[in-house]
Amino acid sequence: MPLPQPTPDARAVITGASSGIGERLAHELAQRGHSLMLVARRVDKLETLAEQLQTEHGVTVDLRPCDLTDREARATLREELANQTVSVLCNNAGFATFGKLWKSDPERERQEVELNVAAVQDLTMAVLPGMVSRGAGAVLIVGSTAGIQPLPGAATYSATKAFANTFSEAIHSELQGTGVTCTLLAPGPVHTEFMQAANVPKAEHQVPGWAWLTADQVARSAVAGLENGQRTVVPGALAKLFLHSGRHTPRSLLLPLVRRTLNRIG
Ligand SMILES: NC(=O)c1ccc[n+]([C@@H]2O[C@H](COP(=O)([O-])OP(=O)(O)OC[C@H]3O[C@@H](n4cnc5c(N)ncnc54)[C@H](OP(=O)(O)O)[C@@H]3O)[C@@H](O)[C@H]2O)c1
């Protein structure tokens, strides 16, 4: 089974565990007996979650409050992960920006790349040598259907998720035969704090209700995918449709359509 058996010393590390998909991943893994290391900036949220998981599942929960866009803070975490038994790494923390790039805040766009790209690469590279030498481990990378095609109106976000999608699938193949797996989670719209964090609450009304998944549904599919050592998990009908249309629709048709849709959001 690609998801290693839990042991008292090993940790399942989840970035972005203070809300949304990350919080539900923490519940799924704790339920299976994994002791956790939770990473995010909001300490109060992490403390409340840790208390709940310790009480309900009797697992150990370590907290690592960290701004993953900060290279120095990330280096400290990277060092710790490289020297500890990490059985599972869920690279989940991420955010989006919407709007035309030339009108956007350059610092916020840079932070988006640091979090959605550089942190994913850093932390994955910190844990893989140990996992491969032990012949056991599972990495989850949360990409998105947003990374399947360019998104005019969310240029940086779609490019960061293209990195996550491609990076994850390439590593999955590199790891064949090592006992370690890498799984890409590529969701479509999920009800979380994501749109609020991107400052586009109107977006909630642009997508029909039936198309949204809950964080719980997505996290459950993701952990089932880890258990099966899957290359990709694309939860829900809309995400599968996005995947297909993003890959096969000519760019000349797709880009104007996406631009008009995201103009209404951003
Ligand atoms: N929701 C969707 O529709 C959707 C669709 C496809 C993919 N995704 C992806 O799913 C992942 C999880 O997002 P979500 O939907 O669950 O959104 P969310 O509820 O906003 O959760 C984002 C998480 O990332 C953490 N985070 C943000 N900035 C951080 C930083 N600088 N350092 C450390 N942690 C940081 C947040 O914690 P703090 O604020 O406490 O730091 C939070 O725990 C993201 O990678 C997102 O791109 C989401």
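Coordinate-derived values only; no laboratory data. Remember, it's a predicted structure, so these values are computed and weren't measured experimentally. All Cβ positions, glycine included, derive from the backbone under ideal geometry; neighbour counts span all protein chains shown.
A few remarks follow.
- Each Cα pair under 8 Å and six or more residues apart adds its separation to the average, and for the chain the resulting relative contact order is 21 percent.
- Per-pair calculated FRET efficiency, R0 = 35 Å: residue 231 and residue 73 via Cβ, rounded to 0.05: 0.65
- Taking the longest Cα principal axis of the chain as reference, the axis of helix 71-82 is set at about 40 degrees.
- Counting charges near residue 10 (Lys, Arg +1; Asp, Glu -1) among other residues having Cβ under 13 Å from its Cβ returns a value of +1.
- A Förster distance of 25 Å, applied to the separation of the beta-carbon atoms of residue 109 and residue 211, puts the FRET efficiency at 0.35.
- Rounded FRET efficiency, nearest 0.05, which uses the C-beta distance separating residue 100 from residue 253 and R0 of 30 Å: 0.90
- Tilt relative to the chain, helix 119-134 - C-alpha long axis, 0 to 90 degrees, to 10: 40 degrees
- Environment charge of residue 211, counting only residues whose C-beta is closer than 15 Å and scoring Lys/Arg +1, Asp/Glu -1: 0
- Selection from 19, 207, 30 lying farthest towards where the dipole of segment 11-265 points positive, charges on Cβ: 207
- Straightening the chain between residue 241 and residue 132 buys 35.8 nm, computed as 0.36 nm per residue apart minus the Cα-Cα spacing.
- Estimated from helical segments only, the mean residue ellipticity of the chain at 222 nm is -15500 deg cm²/dmol, where each DSSP H run of four or more residues counts as -39500 (n - 2.57).
- Highest mobility in the GNM of the chain, judged by mean-square fluctuation with C-alpha springs under 10 Å and restricted to 106, 189, 208, is found for 208.
- Footprinting exposure proxy ranking of 134, 11, 110, fewest other C-beta atoms within 10 angstrom first, gives 110, 134, 11.
- Of all DSSP bridge pairs formed entirely within segment 11-265, close to 0 percent run antiparallel.
- Once the Cα-Cα distance is subtracted from the 0.36 nm per residue extended length, the residue 80 to residue 196 segment shows a gain of 38.6 nm.
- Local charge for residue 110 was computed over the other residues whose Cβ lies under 15 Å away, with Lys and Arg +1 and Asp and Glu -1, and equals -4.
- Rounded to the nearest 20, the Cβ-based charge dipole of segment 25-125 about its Cα centre (Lys and Arg +1, Asp and Glu -1) stands at 300 debye.
- Within the chain: Cβ-based charge dipole about Cα centre, in debye rounded to nearest 20 (Lys, Arg +1; Asp, Glu -1): 1140 debye
- Short-range pairs are left out: with C-alpha atoms under 8 Å and at least six residues apart, the relative contact order of segment 110-184 is 37 percent.
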